[in-house]
Amino acid sequence: MTIRLFNTYSRELEEFHPLDPAGREVKVYTCGPTVYSHAHIGNFRAYLFEDLLQRHLELRDFKVRRVMNITDVDDKTIRGSREAGVPLAEFTAPFKQAFFEDLDTLRIKRADSFPEATDPSHIAAMIEMIKTLMARGLAYQADDKSVYFRINKFPEYGRLAHFDLSELRSTGRVKSDEYDKEHVGDFALWKAWDEEDGPVKWESPWGSGRPGWHIECSAMATQLLGEQLDIHCGGVDNIFPHHEAEIAQTEGCTGKKFVRYWMHCAHLMVDGQKMAKSLGNFFTLRDVLAKGYSGREVRYALMRVHYRAPLNFTWEGMEEARQAIGRVDDWVRRLRERAEENAQRLTPAQCPTEESSGFEDALAEDLNISGALGVLFETIRETNRALDLGNLDSSAASSWLKWWERIDRVLAIGGEESVLPAEIAAMGEARVQARLAKDWRKSDELRDEIAARGWEARDTKDGQKIARRGGV
C-alpha cells in the first residue's frame, strides 16, 4: 500500500519514500509552542495532525524519530517575563508544564526530544551555524549590530512559499526594518542586545545578543536529527517566513537538501477568522474542558477534518464529537459483550474483510481522515445491524475488536474501562427504579447528578448503561 503525502514545496501529492536506505526510519521535525502563555486549541489542531501522521506511519511499521522544539526565548517571552517581574526561565516554566499536560490530555504522543532554544548546547550550535553563513558570504552584520541572512545570495529563497522576492515590502512593524539592511527581506540570525531584552543575552563573536527565531529551529533540527530530514511539519502560517528561512540558512550551511516533504496544517477558524491570540478569539484546552468536554472528545473534534482544510470550531461541533465518541463506545461495549458469550458457528462474512482495510487505505492518501472515519462508522452501522439480527457470533465479535484495537492505535479515541464507583452504581439503580415507577422527574434529576459527577447514564434497548463521560 503506497503512502502519498502533499508536499508544500512542490504543491503536489507525492509518494512517500524515506531517506533511510533500509526504508524504515523516518526523521520528523515539528514546530512546537512559544511558551509565553497557554497554547490554544488552534495550535493543538496542528499538533494533532502531526500525531496522526506519526501514528499512521508507525502502524505501517515505520520507526519515527520526531523532534519538537520549545521556543522559550523571543520578543513575546521576554516581554512577558519583564512585565511579570520574574526571570525568563521562571516565567516560561509553568507554560511548558501546561503544554505537556495538554499533550497528555489529548493523547498526543511525546516526541523523542523537546529541545529548548535557551539550552547552552543549542545556543552554541546556532552561533556555529551563523559563523558558517558569515564565512560563506551568506550573512552580514548591519549597522544595528545584528546579523542578517542575505536572501539575494540564496537563489531558491521563496520556492516553498511560491512568491517572487520583488514582492517583499517593509512591514512597518519590525524594528530592524528601520536599519540599513541590504534587502528588506533579509532576516535576523542574531539579534543585538538592547535595553528591552534586560538580562536575556548571550555572548557571541558579534557582541551580546540572542538568536533569531528561524536559526533556533535549524540548529536544533540538524543537531538532533542530522543535516537532512524526511518530513517537516507546521501550520500554514509557518510557511513564510519561518520555514522559508529554515531552508535558506540550513542549506546555506550544509549544501544539502534540508527536507524531503514539507507538510502544513490549515487554520482552525472561529466565525470565519483564524483562531489567534492576537485577535482575542481563541480557546485554550482548559476553556473547553471547563465546559464539561473530555480530552478525547476534543481530540476527535480537532482531528476529524482533513488537515489541509480549514476547520471551523463551534460548540455544536463539540456536541457532534461527543455523539460520535458515544457511538464508538456503545459499539465497542456491544462487541465485548458478544465476544464474552460462548463461541457459536463462525460465518466468514461476519469477520473483518479486505474492505475493512479501507481505513488504512484512506489514511495512506495524504491522511484522509474523513474517509477513514467514514469507513469506521459504516463498519459500526453494519456490525450493529448484524448484532441486532443475531448474525454476528462471539468469534466474529472478537475479530472486529482486534480490528478496532489496530485502528485505534492511530485514532487514540478509545475509552478506558472504568470501575463504577458504589455511589454512582447506587444512583443508577435508583434511576432504574424511578423509571419503572414512571417518576420521570426523579429519573432526570438522578441522570443530571450522575452527569455532574463525570458519568453518563444512557438508556438503550438493553437497559440503562453507565459509562464515564468521554474519558480522557
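The values are calculated or read from the model by the stated rules, or taken from the named source; none is laboratory data. Predicted model only: the values in this text are computed from it and were never measured. With ideal geometry, Cβ positions are generated from the backbone for all residues, glycine too; neighbour counts draw on all protein chains shown. Protein only, heavy atoms only, side chains kept; ligands, DNA and RNA dropped before computing areas. Shrake-Rupley method; radii C 1.70, N 1.55, O 1.52, S 1.80 Å.
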**Message:** Any residue at all in region 139-148 that's under 15 Å from Thr250 (Cβ atoms), open to solvent by less than 20 Å² (accessible area, probe 1.4 Å) and not in a helix (DSSP H, G or I)?
**Reply:** yes
**Prompt:** Of everything in region 1-46 that's among the charged types (D, E, K, R) and part of a loop (DSSP other than H, G, I, E, B), which residue is farthest from Gly212 (Cα to Cα)?
**Reply:** Arg24
**Prompt:** Can you name the residue in region 16-38 that is open to solvent by less than 10 Å² (accessible area, probe 1.4 Å) and hydrophobic (A, V, I, L, M, F, W, C) and is also farthest from Thr105 (Cα to Cα) among such residues?
**Reply:** Val26
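For Leu389, are the conditions met, namely being over 30 Å from Leu106 (Cβ atoms), loosely packed, with under 15 Cβ neighbours inside 10 Å and over 35 Å from the mean Cα position of the chain (by Cα)? Show your work before the answer.
Details: over 30 Å from Leu106 (Cβ atoms): yes; loosely packed, with under 15 Cβ neighbours inside 10 Å: yes; over 35 Å from the mean Cα position of the chain (by Cα): yes.
It is true that Leu389 is over 30 Å from Leu106 (Cβ atoms), loosely packed, with under 15 Cβ neighbours inside 10 Å and over 35 Å from the mean Cα position of the chain (by Cα).
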**Scan of region 208-230 for residues that are assigned to a loop (DSSP other than H, G, I, E, B) and open to solvent by less than 30 Å² (accessible area, probe 1.4 Å), ordered by number** = Gly212, Gly226
**Request:** Restricting attention to region 410-430, report how many residues are touching a Lys or Arg at 6+ places or on another chain (Cβ under 6 Å) and either part of a helix (DSSP H, G or I) or acidic (Asp, Glu) (or both).
**Result:** 1
**Message:** What's the number of the only condition in (1) closer than 30 Å to Arg11 by Cα; (2) within 16 Å of the chain's Cα centre (by Cα); (3) of a type in the set (Lys, Arg) that Arg296 fails to meet?
**Reply:** (1)
